[in-house]
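In what follows, a single structure is set out as structure tokens and then discussed.
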Amino acid sequence: EAGVAQSPRYKIIEKRQSVAFWCNPISGHATLYWYQQILGQGPKLLIQFQNNGVVDDSQLPKDRFSAERLKGVDSTLKIQPAKLEDSAVYLCASSFIQGAPEQYFGPGTRLTVT
Amino acid sequence: DAKTTQPPSMDCAEGRAANLPCNHSTISGNEYVYWYRQIHSQGPQYIIHGLKNNETNEMASLIITEDRKSSTLILPHATLRDTAVYYCIVRDVTSGTYKYIFGTGTRLKVLA
């Protein structure tokens, strides 16, 4: 089966610019996650969707980050405006159901903010 | 914050067993232990999970102490491709969000 797809793989922007990341989860997976991974740290959950509804966005900096999963399939994560500290790898993951032990991660998007 | 403590790094000779320890002394009865690994430039990959009994699958074995305050992930015959960061996570399966909180993990280097 096809894995979680993410694009772009790399992005370099200047601070105060905006950027968007796209994720296509594994077909049939109801739950979708966005994580931020800063160099040297483990992934940190930003937002979790169950179908097209938000389950947890407690760690999402809502003044600059937004995410949507309109049709319960693909998802986009946007940062506007970006700050230097947003430089990180943004990982998308999906699971068949909420609470499933196995989350399937995509390759991530490496964002560099200069 | 992560509820687990792991050594920051370990080395293992190729072909030998790699034993990765994890301390989770504050684990509660509703929390399972999960292990993921992250190979360089890839997303994390699920390995195994357990509650109180020892578990084994095609990738690894998980040994959980009787008091559940610590566990060990065992890769029985480590290969160079097992070089990765290994994350031990405890997760409350009654929390509603089933959130994984990753720590900094153990960086395992398998030596030829």
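Only loop residues by DSSP count here, and only those with at most 11 other Cβ atoms within 10 Å; note down the chymotrypsin sites (Phe, Trp or Tyr not before Pro) in the stretch B:4-112 that meet that. Listed in order of number, the matching sites amount to none.
Counting Cβ atoms of other protein chains within 10 Å of each Cβ in A:83-95 and taking the mean gives 1. Computed over protein heavy atoms with a 1.4 Å probe, the carbon and sulfur contribution to the accessible area of the stretch A:45-114 reaches 53%. Simple spin-label estimate for B:Asn30 and A:Gln59 gives 1.9 nm between the two label positions (7 Å along the Cα-to-Cβ direction from each Cα).
As a test of the definition: with a 1.4 Å probe, what buried accessible area, both sides summed, do you compute for B against A, in Å² to the nearest 100?
Using a 1.4 Å probe on protein heavy atoms, the buried area is about 1500 Å².
Per-residue shielding of A:100-106, expressed as the average number of other chain Cβ atoms within 10 Å of the residue Cβ, stands at 6. For the stretch B:61-70, putting each phi into the Karplus relation 6.51 cos²θ - 1.76 cosθ + 1.60 with θ = phi - 60° gives couplings of 10, 10, 10, 10, 5, 4, 7, 6, 7, 7 Hz, in residue order, rounded to whole numbers and with x for Gly and Pro. Considering the dipole of chain A built from charges on the beta carbon (Lys and Arg +1, Asp and Glu -1) around the Cα centre, which of A:Ala100, A:Leu77, A:Val19 is farthest to its positive end? The residue sitting most towards the positive pole is A:Val19.
In percent, rounded to a whole number, the relative contact order of chain B is 37, using alpha-carbon pairs under 8 Å and six or more apart.
Solvent-accessible surface (1.4 Å probe) assigned to B:Arg37 amounts to roughly 30 Å².
Close amide H contacts of A:Ala5 (hydrogens built in the peptide plane, cut-off under 5 Å, sequence separation of 5 or more or a different chain): A:Asn24. In this structure the stretch A:17-114 gives 43 Å² per residue of accessible area when probed at 1.4 Å with all protein chains present.
The values are calculated or read from the model by the stated rules, or taken from the named source; none is laboratory data. Just so it is clear, the structure is predicted and the values come from calculations on it, not from any experiment. Because the Cβ atoms are built from the backbone with ideal geometry, glycine has one as well, and the counts that use them run over all protein chains shown. Remember, those area values only see protein heavy atoms, side chains included, never the ligands or the DNA or RNA. Shrake-Rupley method; radii C 1.70, N 1.55, O 1.52, S 1.80 Å.
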